Amino acid sequence: MSVEKCKLIDLPKIADPRGNLTFIESGRHVPFDFKRVYYLYDVPGGAERGGHAHKDLHQLIIAMSGSFDIVLNDGQLQKRIHLNRSYYGLYVCPMIWREMDNFSSGAVCLVLASNLYDEQDYYRDYQQFLKALS
Ligand code: T46
């Protein structure tokens with residue numbers, strides 16, 4: 001798995017003078033079926049989240065409101081991505097270390113995940129993550 005596999009997905013957008021609408025169908029607009037939705041909000045200025053990798057989980061990360069940065073790292077390559085549109089989703093494949101920072105005031109980060117929450121799926125120690133890669 002490499003950072004190159006993580007990509008921005010342009011989600012369908014129905015433009016309307018009454019307000020725009022975006023929809024996501026499991027397995028159709030994202031390259032996996034999702035079983036869980038969670039969101040980060042009320043993130044204080046200067047806070048950092050993430051700091052882990054997943055063994056098997058696929059995720060789509062969307063800036064529903066406001067903006068933030070995600071740094072993706074596959075042990076070799078590192079890429080910083082700024083998310084600030086609710087019609088773009090960042091697909092993150094398994095075995096990618098991610099860190100999130102630079103949250104704007106009022107930012108909401110929505111995540112679609114391919115599986116239910118399982119702490120056993122996490123690498124929360126960077127050295128262990130690197131060891132697993134090698
Ligand atoms: C990721 C980034 C974007 C649950 O009980 N259920 C859940 O579905 C989640 C995601 C978390 N939790 C518990 C586990 C921890 O006790 O909530 C607490 C905070 O979780 P964590 O430190 O993993 O939060 P973040 O914001 O650092 O990371 C989360 C996701 O875990 C991760 O998959 O990619 O958001």
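At a glance:
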quantity	calculated
Qualifying positions in the range 39-51 - over 18 Å from Ile96 (Cβ atoms), open to solvent by less than 80 Å² (accessible area, probe 1.4 Å) and within 12 Å of the ligand (Cβ to nearest atom)	Val43, Ala47
Any hit, the range 53-61, residues being more than 25 Å from Asp121 (Cα to Cα) and surrounded by fewer than 14 Cβ atoms within 10 Å (Cβ to Cβ)	no
Any hit, the range 102-110, residues being away from the ligand (no atom under 13 Å from the Cβ), open to solvent by 70 Å² or more (accessible area, probe 1.4 Å), among the hydroxyl-bearing types (Ser, Thr, Tyr) and at negative phi	yes
Every residue from the range 52-79 that is aliphatic (A, V, I, L, M), touching a Leu at 6+ places or on another chain (Cβ under 6 Å) and more than 10 Å from the ligand (Cβ to nearest atom)	Leu60, Ile62, Ala63, Met64
Among residues of the range 123-134, those that are surrounded by fewer than 16 Cβ atoms within 10 Å (Cβ to Cβ), outside any loop (DSSP other than H, G, I, E, B) and out of contact with any Asp or Glu (no Cβ under 8 Å at 6 or more places or on another chain), counted	6
Inter-residue pairs, beta-carbon under 8 Å, first within 25 Å of Lys55 (Cα to Cα) and in the range 2-15, second of a type in the set (Lys, Arg) and surrounded by fewer than 15 Cβ atoms within 10 Å (Cβ to Cβ), 6+ apart	Val3/Lys79; Cys6/Lys79
Among the candidates Glu48, Glu25, Glu99, residue that is closer than 26 Å to Leu133 by Cβ, more than 12 Å from the chain's Cα centre (by Cα) and of a type outside the set (A, V, I, L, M)	Glu48
Number of positions in the range 69-90 that are free of Cβ contacts under 8 Å to residues at least 60 places away in the same chain and either farther than 24 Å from Glu25 by Cα or open to solvent by 20 Å² or more (accessible area, probe 1.4 Å) (or both)	7
Members of the range 19-32 that are in a loop (DSSP other than H, G, I, E, B) and surrounded by 13 or more Cβ atoms within 10 Å (Cβ to Cβ)	Ile24, His29, Val30, Pro31, Phe32
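The values are calculated or read from the model by the stated rules, or taken from the named source; none is laboratory data. All of these numbers come straight from a predicted model, not from anything done at the bench. Every residue, glycine among them, receives a Cβ derived from its backbone with ideal geometry; neighbour counts consider all protein chains shown. The protein model used for the area step is the full one, side chains on, heavy atoms only, and it has no ligands, DNA or RNA in it. Shrake-Rupley method; radii C 1.70, N 1.55, O 1.52, S 1.80 Å.
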